1. Sort all Cα-Cα distances of the stretch 15-106 into consecutive 5 angstrom bins from zero, then give the percent of pairs in each bin up to the one containing the longest distance.
2. Going through the stretch 239-273, which GluC sites (Glu not before Pro) have at most 10 other Cβ atoms within 10 Å and a DSSP loop state?
3. Among all the aspartates and glutamates, which ones have a C-alpha under 19 Å from K39's C-alpha, if same-chain residues fewer than 8 places away are not counted?
4. Kindly state, to the nearest 0.05, the FRET efficiency for D262 paired with A29, given R0 = 51 Å and r defined as their beta-carbon distance.
5. Apply the a/c threshold of 1.5 to the C-alpha gyration tensor of the stretch 276-317 and tell me whether it is rounded, prolate or oblate.
6. What FRET efficiency do you get for R299 and E175 if R0 is 60 Å and r is their Cβ-Cβ distance, rounded to the nearest 0.05?
7. Holding the Cα-Cα limit at 31 Å, pick out from K94/K153; K214/K316; K153/K320; K153/K316; K122/K218; K123/K218 the pairs that are longer than that.
8. In whole Å, how far is the Cα centre of the stretch 141-168 from that of the stretch 16-66?
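Nothing in this text is a laboratory measurement; each read-out follows from the coordinates by a stated rule. Here the structure is a predicted model, which means the values were calculated and not measured. A quick note on method: Cβ atoms are made from the backbone with ideal geometry, for glycine too, and the neighbour counts reach across all protein chains shown.
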Amino acid sequence: MEAIGRALEAILPADRIKTRLIDILSYAADAGFYHLEPKAVVQPVSEDEVRALFRFSHQHRIPLTFRAAGTSLSGQSVTDGILADLSRHWQVMKIENEGATVRVQPGITGGIVNARLRQYGKKIGPDPASINSAMMGGILSNNASGMCCGVAKNSYHTLQYIRFILPNGMTFTTENKEDYTRFREQCGDLYLTLIGLRDRVRSDEHIRGRIRAKYQTKNTVGYSVNALLDFDEPLDILAHLLIGAEGTLGFISEAVMRTIPDYPEKSTGLLYFPDIHTACSAIVPLTESGAEAVELMDRASLRSVEHLPGIPALVKTLPKRQPPSWLNTRATRRRSCRSRKTNSSPCQAPSPSSCPQLHGKSRRAGLPVEDPERHVPFRWGRKAKRDHRDSGRHRRTGCPPGRRHPRPAGAVHQIRLRKRHHLRACQRREHPLRGHPVLRHAR
């Protein structure tokens, strides 16, 4: 690492090159759970330094990865090569055309951009959940969208111009008309390749239809190949392939984005539906009525937050719907051996096949217990064994049903055996110390 650091000093000053172990480890992870230790961390401040880093990467055959805020959850901003940190610089922003467009560099956060656009009643289209931390470099490179922008207002569709540097060091911008001619002359092979891909996709009706269907919904998997259908000029195709490419095709140094209205008044509604099917049937009408975001929450989700401050009191009164029939059946079978009345005698069946309560409830639930093709064998698991054992304990010891009664010390060994081994059969016996029922397992 120190050798790479000394070699990089020919490109950047030493104070913007980090090779100490503490610095390497601090950049070894992003917001995700991936961990890769870079060989060096650099902080370029200009396009000339970025081009020099590309040359260094080619000469030493070391990967070069650009990183903005590092809020990615999928490992796009970690590497075992050279990591270029853009978060300290590249923060220029300029509002143009009375807020209709905004010019940004990759090191400024989306939250700051929206804060400065608010005086014009505008905001950028993408609204990822991490917009207050995510920077424009990552928002563009990941084709960020968010909950409210859907597909029509994501980074791909709100991009107007882009300036980028290819790995060969050549710089182009879609804002300059002369660059379209220069791209054809200086990058002839790439130019012809893009034309060939464009014509091949457009001539194949099956591929064309699959691409259109694929990008009608949110999709950031792979490159934005819908650019081959949306644009004719190879430079425009490449510019939009960069959106969502996660930095694998080039370095985005600047972008001009179209803004969308930021309405001063907003409202949020909470609608209640009797079931999931009815709620899903309302999605299309709600979207057509102008709703920017629709989120589905089931009863379990509401139950987990109904006690929090600010939650309407009506949420606690919503009916608790019965689970689907197959869940009811499974629950009935798992709890069939527990006696629900205090005057019931404990089940003495050594196995589920000989338990009359189990067979009776299974028949009432409509399960033909003797039909091996339709009836899945009951798994005599740990919870069922405990329920089977505790069915009459509360009557003898005063312990309520469902609660564990203190065991004598001699029973601890039996518990460990049950946890340690996979046992196929069990038989019931009385514990010699206090008469507590325990399960003795036979191999």
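1. Calculated over all Cα pairs of the stretch 15-106, the distribution is 3, 13, 21, 22, 17, 11, 6, 4, 2, 0 percent.
2. E265
3. Those aspartates and glutamates meeting the cut-off are E2, E9, D15, D23, D30, E49, D80, D85.
4. 0.90
5. Cα axes put the stretch 276-317 in the prolate bin.
6. 0.70
7. K214/K316; K153/K320; K153/K316
8. A separation of 24 Å, based on Cα centres.
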